[in-house]
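The structure appears below as structure tokens.
The values are calculated or read from the model by the stated rules, or taken from the named source; none is laboratory data. What you see is a predicted model, and the numbers here were worked out from it, not measured in a lab. Note that we place each Cβ from the backbone using ideal geometry, even for glycine, and neighbour counts take in every protein chain shown. What goes into the accessible areas is simple: the full protein's heavy atoms, side chains included, and nothing from ligands, DNA or RNA. Shrake-Rupley method; radii C 1.70, N 1.55, O 1.52, S 1.80 Å.
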Amino acid sequence: MRHLAEEGLIERYKKSTEELKKRLDYELSIIKQMGFAGYFLIVKDFIDYARSQDIPVGPGRGSAAGSIVSYCLKITNIDPIKYSLLFERFLNPERISMPDIDIDFSDRGRDKIIEYVVNKYGKDNVTQIITFGTMAARGVVRDVGRVLGMAYAEVDRIAKMIPFAVDMTLERALAQSPELGELYEKDIRIKKLIDLSKTLEGLARHASTHAAGVVIAPKALTEYVPLFKGTKDEITTQFDMKMVEEIGLLKIDFLGLRTLTVIQDCLKMIEQNHGKIIDIDSLDLNDKKVYKLFARGDTIGIFQFESGGMRDYLRRLKPESLTDLTVMNALYRPGPLDSGMIDIYIERKNGAKEVKFDHPRLEKILKETYGVIVFQEQVLQIANSLAGYSMGRADILRKAMGKKQAELMAEQKREFFEGCEKQHINAKIAGSVFEQIETFARYGFNKAHSTGYAYVAYQCAYFKTHYPHEFMAANMTSETDSADRIYILMEECRHLNITVLPPDVNESAKAFSVKDGKIRFGLLAVKNVGEGAVEAIIDARNMGGKFTAFADLVSHVQLKNLNRRTLESLIAAGALDSLPGNRAQKTEVVETMLEYGQKVSLSVNNHDLFSTGGTQIGRTEPAFPDIPDWSLSGRLSKEKEILGFYVSGHPLDRYRSELAGFGTTNTEKLAEVKDGREVRFGGIVSAVKVMTDKRGNRMAFATVEDFKGKVELIFFSDCYEKGKGYLLQDNIVMLTGRVSTREGETPKVIVNDVFPLESLAERFNCQLVIRIDEETTERKLNAIQNILEKSQGTTPVIFAIRRNGEEYLIKSKKLMITPESKLLTRLKEMLGDTAVYLQPPK
């Protein structure tokens, strides 16, 4: 005890406890003064219910995480003291408004919570809130242009002249965009387009149900607000969220967060596979291995940190703390990216730029963000420290700056300067700081919200680091309805060297699962196979053991859950590969097998298995026809049709190196490419739609897929006529074109050239690479040399030789070849698809 006293720890503990009590008493007094105690208790009640039902609840969303009362009531799980979060950003005693507590639940359990609230407070007192989609500046121009029959490309070009901003109007766009203003004045068609668009701008385009908003009233809602009945008989308020708040009704956002479901499934699999029960709220937040994962940019599957651009910034930043993740989460948005603040933060953190503070008082506030104003809470602290604002008044300043009203800003600036003068801070420093705050208003983010989501991201990264199999399996289970996402996650598994096995009626669970260090596809991920069929298969397997044959399967699974379509889908997905017979044979006898299963079922129901009066009936299992299996391309095509992606392989596998070497991007990275930028990439044609343009010429829309995803392509008439011979489904092509990006939408590519991937050598300078491993025999080497010598040309040959785990590149001095398709195919047949490829000269 004496030692503690000498160290001053007791005094510090007492001081800390006093500060906590003071903060808690302050918050409670404000909550009581504003009349919101009941609100907190209502929220606590349904969160307690969620936890009692094993429904995951997020650690904190929005400004509510800044309240120590929320933390003590377990409404949030983020310590506001530890992370310097401010109560006034949540509840402002100087500006009375309804509190805003948004709650994340697992997407699997959200509806159950809403049901609980409806049952507790009465269906007449609870409903969801309406939302209106309006005709914004760019959208209305596109809509009107389509009605006027104008060409897509022309309307798209005009729409993109409208500056992208949240509150942009056509009137402001004409003033801010000289190019648009000139077209409006000179082209009568464009003037008509814009004038008609102005008439419609801002009008409601459609009504729908708000994704999360729920209103709770003390009596029947009809006594407070008019109600609306939608096309599917759903009931919502006629007032939108803002109007609901203005009339004083209690509004809560119930959000379904898929990531919470992923974490829950991951925890269950860890317990099942490793016998460990992990407390998700007690993870070590200083795990260096986890931060190394972020620093490598290995964040596919990690909440909020998945995009290609974010991963690039993570590699530059090399995060070392939760604060770094919180900052990245706040800065990786259009405003900060455009302002360059994210680059400044990274350069200052890494020591490339000096960290400066305009005044010593700013150091304590901005030290953790290296002098960069990142969070809204920092604005409140700066106004409080430099200009003597109360925290409530400082929040009013923050909000005023966001509104960008000249008169209001002038008033706030005068008040800020006066406050700084009283604090003996000179006008020059006051002006500089105010200017920084003003700039910040364009991109400032709520630290409480960013901290909560960074915490969830860290949890994901922890499991990906220490339990990658379970984490990836849980991710894929959550994406059962999204083939594109599952494929991206499968590619990530390949990167992590995790084997993903196809579905199997003898091994698969309903969801994706982990066994013996491998991920096994869930049966529910197979198209046309419903939950009833999956449960019936698993029940039969659990009762009678693994199926030994196709006939055994249809004999033991209840046939009310199986039909021709279900069985054909399971066969095409490879789920019956563990049973005798190839996929073609099994598909051929599906109907016969179903009839056989019905006979067996009838016999069992008559308590006379396979016989009546001593005579056997239906005992002989149907025989398979003597036919070969589908080709590899046929198998892959069927897998794609049923699963939405390829499992046995990928048509592009043999071209991985060429795609990487000659392409400038891929479908995943297109989202990071600026509008109008020229790109080159390859893939497999998965869809083609030919149309007639306004001039009567044929054009096409097509879809191309690669290892990372897919992209829509636009072929205008000239390009289509030149390349239509290559624009066939399942063709593997290389494309060049221009990226066309609309904000908030997936980018498209306007193609200017398309050609077969096999003709790369005709288009580009290249060299042939042949990989030789330690197992390659001398006889095979001689055969390779003979083949190469017969193909004289100008393309150099590089041998990539692996010895003792290392690869050595040796350029042949004698061999120069012509890389024709037949030559490459023959070499790949001898050495394997990935051992022979073309690449640009280095």
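As a length-normalised measure over Cα pairs under 8 Å and 6 or more apart, the relative contact order of the chain settles at 8 percent.
Mean separation of Cα pairs under 8 Å and 6 or more residues apart, divided by the residue count, gives region 444-572 a relative contact order of 17 percent. A simple spin-label model places the labels of Lys515 and Ser631 3.4 nm from each other, with each point 7 Å out along Cα-to-Cβ. The fraction of Cα-Cα pairs per 5 angstrom bin, counted from 0 for region 242-282, comes to 6, 18, 15, 14, 9, 8, 9, 9, 7, 5, 2 percent, rounded to whole percents.
For region 230-238, the Karplus equation 6.51 cos²θ - 1.76 cosθ + 1.60, evaluated at θ = phi - 60°, returns couplings of x, 5, 9, 6, 6, 9, 9, 6, 7 Hz by residue, with Gly and Pro reported as x.
The accessible-area ordering, largest first, of the residues Met150, Met691, Met328 stands as Met691, Met150, Met328, per a 1.4 angstrom probe. A simple spin-label model places the labels of Thr664 and Asp539 5.8 nm from each other, with each point 7 Å out along Cα-to-Cβ. Protein heavy-atom surface of region 706-842, 1.4 angstrom probe: 45% of the accessible area is carbon and sulfur, with nucleic acids and ligands not counted. Once the 1.4 Å probe is applied to the protein heavy atoms, the chain comes out at 50 Å² accessible per residue. Going by alpha carbons, how many degrees (0 to 90, nearest 10) lie between the helix axis of 447-466 and the longest principal axis of the chain? Tilt of helix 447-466: around 30 degrees. State whether region 234-346 is rounded, prolate or oblate according to the following rule on the C-alpha gyration tensor (a ≥ b ≥ c being the square roots of its eigenvalues): a/c under 1.5 gives rounded; otherwise a/b larger than b/c gives prolate, and the remaining case gives oblate. In terms of gyration-tensor shape, oblate. 3J(HN,Hα) along region 305-321: 10, 8, 5, x, x, 4, 5, 5, 5, 4, 5, 6, 6, 6, x, 10, 7 Hz, from the Karplus curve 6.51 cos²θ - 1.76 cosθ + 1.60 with θ = phi - 60°, whole Hz, x for Gly and Pro. In this calculation the C-beta distance from Asn426 to Glu354 is compared with R0 = 22 Å, giving a FRET efficiency of 0.50. With the highest mean first, a sort of the peptides 364-372, 464-472, 141-149 on other beta-carbon atoms found within 10 angstrom per residue produces 464-472, 364-372, 141-149. Quick check: the angle from helix 778-789's long axis to the longest principal axis of the chain, C-alpha only, nearest 10 degrees? Between the helix axis and the principal axis of the chain, the angle is about 80 degrees. The amide H of Gln839, built 1.01 Å from its N in the peptide plane, has Gln767, Val769 as neighbours under 5 Å, considering only residues 5 or more places off or on other chains. Phi angles across region 33-49 convert, under the Karplus curve 6.51 cos²θ - 1.76 cosθ + 1.60 with θ = phi - 60°, into 3J(HN,Hα) values of 4, 8, x, 10, 4, x, 4, 4, 5, 5, 5, 4, 4, 6, 6, 4, 4 Hz, Gly and Pro given as x.
Taking 19 Å as the limit for the C-alpha separation, the pairs Lys689/Lys724; Lys464/Lys640; Lys192/Lys674; Lys349/Lys428 exceed it in the case of Lys464/Lys640; Lys192/Lys674; Lys349/Lys428. Taking 0.36 nm per residue of separation and subtracting the current Cα-Cα distance, fully stretching the chain between Asp281 and Asp730 would add 156.8 nm.
Here's the picture: charge each Lys and Arg Cβ at +1 and each Asp and Glu Cβ at -1 in the chain, and of Ser63, Ile429, Val526 the one pushed furthest to the positive end of that dipole is Ile429. Between the Cα long axis of helix 531-544 and the first principal axis of the chain there is an angle of about 60°, rounded to the nearest 10.
Calculated FRET efficiency, Arg296 to Glu154, Cβ-Cβ distance, R0 = 56 Å: about 0.80 to the nearest 0.05. Rounded to the nearest 0.05, the FRET efficiency derived from the C-beta distance between Asp338 and Leu602 at R0 = 60 Å is 0.25.
Put simply, the amide H of Leu227, placed in the peptide plane, has neighbours under 5 Å in Gln238, leaving out anything fewer than 5 places away on its chain. Whole Å is fine, so just give me how far the alpha carbon centre of region 191-220 lies from that of region 524-579. Value for the Cα centre distance between the two parts: 47 Å.
Remark: spin-label model distance Gln33-Asp195 equals 5.7 nm, labels positioned 7 Å along the Cα→Cβ axis. Convex hull volume per residue, computed on the Cα atoms of region 67-213, equals 217 Å³.
Kirkwood radius for region 426-471, taken over all pairs of different Cα atoms as the inverse mean of 1/r, rounds to 13.6 Å. Under 5 Å between amide hydrogens, built in the peptide plane, is the criterion, and for Ser321 it picks out nothing among residues at least 5 positions away or on other chains. Packing, as the average of other Cβ atoms within 10 Å across residues, places the peptides 444-452, 834-842, 348-356 in the order 444-452, 834-842, 348-356, highest first. Normalising by residue count, the chain has a Cα convex hull of 264 Å³ per residue.
The packing ranking of peptides 416-422, 751-757, 101-107, 23-29, highest mean first, is 101-107, 751-757, 416-422, 23-29, where packing means the average number of other beta carbon atoms within 10 angstrom of each residue.
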